[in-house]
Amino acid sequence: MFEYIRGMINSFGEDYIVVDNNDIGYKIFTSLGTITTVKGRQDKVTVYTQQVVREDDISIYGFYSREELKMFQLLTTVTGVGAKVALGILSSISIGNLAGMIISEDITGLTKAQGVGKKTAQRIILELKDKIDHKVAVIEPTLIPTKLVLGDGNDEVTNALMALGYTKSEAVSAVQEVEYGSSGVEDMIRRALKVLAKP
């Protein structure tokens with residue numbers, strides 16, 4: 001229904017942003033990458049969207065880039081992969097790495113994403129391998145998260161928590177508490193939010 005929505009960022013949630021367009025606040029479910037990209041912006045942003053209609057719900061999903069939206073659309077064509085699972089994948093793995101994992105048939109890498117088991121990873125590879133743009137693929141060795149092997153992932157999580165209104169010291173403290181054993185950025189944010197919610 002909507003090709004894109006352009007407006008000011010009004011607020012953030014764990015997996016959504018609210019875009020103010022002509023005095024209407026559009027709640028748009030999105031990835032951590034998009035949230036991180038648009039947080040703090042003081043000018044209008046363009047979010048490329050897709051409306052998802054189910055029997056009991058009508059939602060808008062959107063992303064800062066057309067490429068991320070296209071990957072979302074591809075993922076949701078896979079049997080058993082709904083919009084929420086696709087969003088979890090995109091929040092855990094960058095587009096380039098995700099394309100690389102699919103092309104190189106990296107089942108182990110895909111199962112690191114939130115909500116993706118071995119069978120789902122196999123279906124993603126089987127159904128999307130011939131549809132992925134090889135030009136965007138980044139093929140890397142599978143990362144095994146002992147101390148969340150994400151490099152800058154801790155900073156990404158800290159920034160996301162700060163965008164949700166927590167101070168830097170609160171965010172850093174929560175990240176340090178949950179960094180061991182987390183299975184990805186999205187999982188780490190969920191665990192950190194639980195820590196921060198404790199009285």
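What lysines could a cross-link reach from K118, if we take a straight Cα to Cα line under 19 Å and drop same-chain neighbours fewer than 8 places away?
By straight Cα distance, K118 reaches K84, K129.
Before anything else, pin down the relative contact order of the chain: Cα pairs under 8 Å, at least 6 apart, normalised by residue count, whole percent.
This gives 17 percent for the chain.
Under 17 Å from the Cα of K194, which lysines turn up, not counting those fewer than eight places away in the same chain?
Straight-distance partners of K194: K168.
Would you pull out the residues with amide H under 5 Å of N21's amide H, same chain only if 5 or more places away, H placed 1.01 Å from N?
Y26
Please order V195, V19 by the number of other Cβ within 10 Å, starting at the fewest.
Least to most surrounded, the residues fall as V195, V19.
Relative contact order of segment 153-197: what whole-number percent is it, with Cα pairs under 8 angstrom and at least 6 residues apart?
Rounded, it is 43 percent for segment 153-197.
Under a point spin-label approximation (7 Å from Cα along Cα-to-Cβ), what is the E177-E105 distance to one decimal in nm?
4.4
Calculate the translational D of segment 153-197 in whole µm² s⁻¹ from Stokes-Einstein, where the hydrodynamic radius comes from the Kirkwood formula applied to all Cα pairs, the temperature is 4 °C and the viscosity 1.567 mPa s.
132
Restricting things to Cα coordinates, could you compute the convex hull volume per residue of the chain in Å³?
Convex hull of Cα atoms, per residue: 135 Å³.
Assigning unit charges at the beta carbon (Lys, Arg +1; Asp, Glu -1) and nothing else, what dipole magnitude in debye, to the nearest 20, does the chain show about its Cα centre?
Value, rounded to 20: 180 debye.
How far apart, in nm, are the 7 Å Cα→Cβ label points at R6 and V18?
Roughly 2.3 nm, to one decimal.
Read the figures in this text as sums done on the coordinates, not as results from a lab. What you see is a predicted model; the values in this text were computed from it and never measured. Cβ: placed from backbone, ideal geometry, glycine included. Neighbour counts: every protein chain shown.
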